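Here is the structure we will look at.
Derivation of every value follows stated rules applied to the coordinates shown; laboratory data play no part. Just so you know, these numbers come straight off a predicted model, no measurement behind them. Glycine also receives a Cβ, built like all others from the backbone with ideal geometry; neighbour counts cover every protein chain displayed.
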Amino acid sequence: MSDNLLNSRINEFIEAIMKVAQGDFTIQLDLTGENNHLDALAMGINMMVDDLKKGRDTALENDRIKLLNAQLVEANVKALESDRLKSMFLQNVSHEIRTPLNAIIGFSELLPRYFENKDKLNYFSTIIKQRGFDLLDLINDILDLSQIETGQLPINLENFELSELLIDLHTFFINHRQKINKTHIELHYETDPCHKQKYIHTDKGKIKQIFVNLIYNAFKFTEAGTIKFGYTIDGKNSIEYFVSDTGLGIPVDKQSVIFERFVQLENETDNTQHGTGLGLSIVKGLIELMGGSISLQTTAGKGSTFYFTVPYESTDVTGVKIVNKGIPTCIDWHQYTILVVEDDIYNAEYLEEVLSETKINVLKSSNAKDAIDIINLDLPVDIVLMDVKLPGINGLEATRILKSKMPRIRVIAQTAYSSNEDAKKAINAGCDDYICKPFNKDLLIKKINKQLGYL
Amino acid sequence: MSQSAEIKYVSENEIWIGSNKVMVEGNTIHVIAQGEQTTEMAHAHLKLNQKLFSSMEGKVNFLIDLNKAGKNSPEARQIWVQHGKLEKTSKIALLGIHPVARVLASFVMGINKPNNVCFFSSEEEAVKWLKQS
């Protein structure tokens, strides 16, 4: 072999080795077929390149498996954590249900003993009522979270005045501050002076619910100083709302988990207030449902500020103002007859008691079949208070039957099914109105009054 | 183009796997390897050898002629090393008279050169080693 040929062959080898050094493992040298030393060298290089490629592929595969393993470990940890949190949640919910129930049952037992003492009776009944509402709040929180998680919570857009909402919140929390003996904490609300538009178009109820949750938390974790809430205009179609406090702040290790379900921070100085650990999850869920986001600035020991943005539209149009006609102070419905369809004897008794103050004639039925029979008897029924979940024929089906026989009769559905969807179902079945249990006596009277007005 | 790994029986003692010729000579399986040795071919050899073992008495030797063999894939080399670890295998003699075959044999034997695998540059020496007890 000439020197030139030899040099050229060796140059080929050098080029190949340089490419391999740069990570090109596809290089393969040609063999002349002479089976000489240069062919042996080429064969050796080729097989070494194959080995390097295999080593690299194996290393990549190992990395992939390591990553998968790490993901599996992480998923496993999350699953265990989720299980743990669910168990904790159940314990918490059980605790939160039992605590007000203890007061409700306890004070109810005491009532007969203080029958002659009106002050005590009033005090006990106030506690029983308040603890009942606490229970209701808990159930509503759980339902809200469940609806958020299953995507069943509808967005109800409306036009409203933002500053009016802040004033309402301020008034509400001034009362709350008094109730929890924290009147030394200053409470302020701030509006953006640059915001000229009076009305905005977004879901007022949810904005309010978010503020309420955040301000409640602020009071819970603040012992002194100031709580502020309000908004600034952040860009063309977004408002940045905020709630700040000078409270305990949130430790660094808790900041990433506070929005997760069932997570609660401890306030060692305040054992008077409890929670289900759902408030911030609901807040985050509501904000994300509306296409917004939430962030947090906090310094342990100095306080926290929650910022949240929610898309909105400016509008000059006012919302529909509901004119509260109020309830007549002295009701006399003796000329009317109401049919109460309720299978729970205690609820039926409660309704009869409430209605007795109005002098309305009350007919009672514990199931839909009897209710239909009463209508078939041509008794002069003007209005029906219809439970939905009934043995046999349900309340909605019964309403369809009643309305087909006597379209004149007004029907108000009264049910513990509480979602907007349930309300729609009732209206679609022919009910003229809907009231959710547990209901307030005044609201019930107001709704009946409205329906009697149509007769 | 990769080599075929099809097993073809010419007679009881002569079988082909792709371009590799396999001959059964007493208790020795004599392989003349030709061209690139793919993973599929190595698998086919393992399968064939296990079948041949059942009709061969006692331990079996291998004489593998690498003079016309091409590159061995890393996986094929691992499979050939497995041959040496089989219960029925006694010795494996790798045969090659030129430097390319020597390089191929070195790669087949690998870094953990097994005691029962050896390279020879003459068939006579290889056969003599195989016959030693």
Going toward the positive end of the dipole of chain A, with +1 on Lys and Arg Cβ and -1 on Asp and Glu Cβ, which of A:His95, A:Leu289, A:Gly301 do you reach last? A:His95
The range A:26-83: which GluC sites (Glu not before Pro) are DSSP loop and have at most 12 other beta-carbon atoms within 10 angstrom? A:Glu34
Report the charge-dipole magnitude of the range B:54-133 in Debye, nearest 20, computed about the Cα centre from +1 at each Lys and Arg Cβ and -1 at each Asp and Glu Cβ. 160
Within the protein assembly as shown, helix-based [θ] at 222 nm, where runs of 4 or more DSSP H residues each add -39,500 (n - 2.57), nearest 500: -15500 deg cm²/dmol
Peptide B:65-73, shielding by other chains (average Cβ, 10 Å cutoff): 2
Rounded to a whole number, the Stokes-Einstein D of the protein assembly as shown in µm²/s (Kirkwood radius over Cα pairs; 10 °C; 1.306 mPa s) is 48
Dipole-positive endmost among B:Leu130, A:Ile128, A:Leu363 within the protein assembly as shown (Cβ charges, Cα centre): A:Leu363
Suppose the chain between A:Lys86 and A:Tyr350 were pulled fully straight at 0.36 nm per residue; how much longer would it get relative to their current alpha carbon spacing? 91.4 nm
Normalised by the residues of the range B:1-113, what does the relative contact order come to in percent, with Cα pairs under 8 Å and at least six apart? 23
In debye to the nearest 20, the charge dipole size for the range A:47-136, taken about the Cα centre with +1 at each Lys and Arg Cβ and -1 at each Asp and Glu Cβ, equals 320
When Lys and Arg each count +1 and Asp and Glu each count -1, what net charge do the other residues less than 15 Å away from A:Leu38, Cβ to Cβ, add up to? -4
With only alpha-carbon atoms in the gyration tensor, what are the semi-axes of the equivalent ellipsoid for the range A:325-455, in Å, largest first? 20, 17, 15
If you filter the range B:66-133 for GluC sites (Glu not before Pro), then keep DSSP loop positions with at most 15 other Cβ within 10 Å, what is left? B:Glu87
Once you put a point 7 Å from the Cα of A:Ile27 and another 7 Å from the Cα of A:Glu116, both along the Cβ direction, what distance in nm separates them? 10.9
Can you give me the relative contact order of chain A as a percent, contacts being Cα pairs under 8 Å and 6 or more apart? 9
Rg and Dmax of the range A:5-146, Cα atoms, in Å? 39.5, 122
Could you give the angle, 0 to 90 degrees to the nearest 10, between helix A:279-289's Cα long axis and the longest principal axis of the Cα atoms of chain A? 70
Take A:Ile14 and A:His188, extend 7 Å from each Cα along the Cα→Cβ direction, and tell me the distance between the two endpoints in nm. 7.9
Please get the size of the charge dipole for chain A, origin at its Cα centre, with Cβ charges of +1 on Lys and Arg and -1 on Asp and Glu, quoted in debye to the nearest 20. 1760
Selected from A:Ile207, A:His176, A:Thr232, residue furthest toward positive end of dipole (the range A:126-232; charges at beta carbon): A:His176
Which whole number gives the average, over all residues in A:27-39, of C-beta atoms from other chains lying within 10 Å of the residue C-beta? 2
With Cα atoms, 0 to 90° folded angle of helix A:204-220 axis to chain A main axis: 80
Mean separation of Cα contacts under 8 Å (6+ apart) over length of the range A:328-455, as relative contact order %: 21
Compute the helix-to-body angle for A:345-356: its Cα long axis versus the longest principal axis of chain A, expressed 0 to 90° and rounded to tens. 50
Find the Rg to Rh ratio for chain B, where Rh is the Kirkwood radius over alpha-carbon pairs and Rg uses the same atoms. 0.92
Roughly what would the spin-label model give for B:Gln78 and B:Gln132, points 7 Å off Cα along C-beta, in nm? 3.2
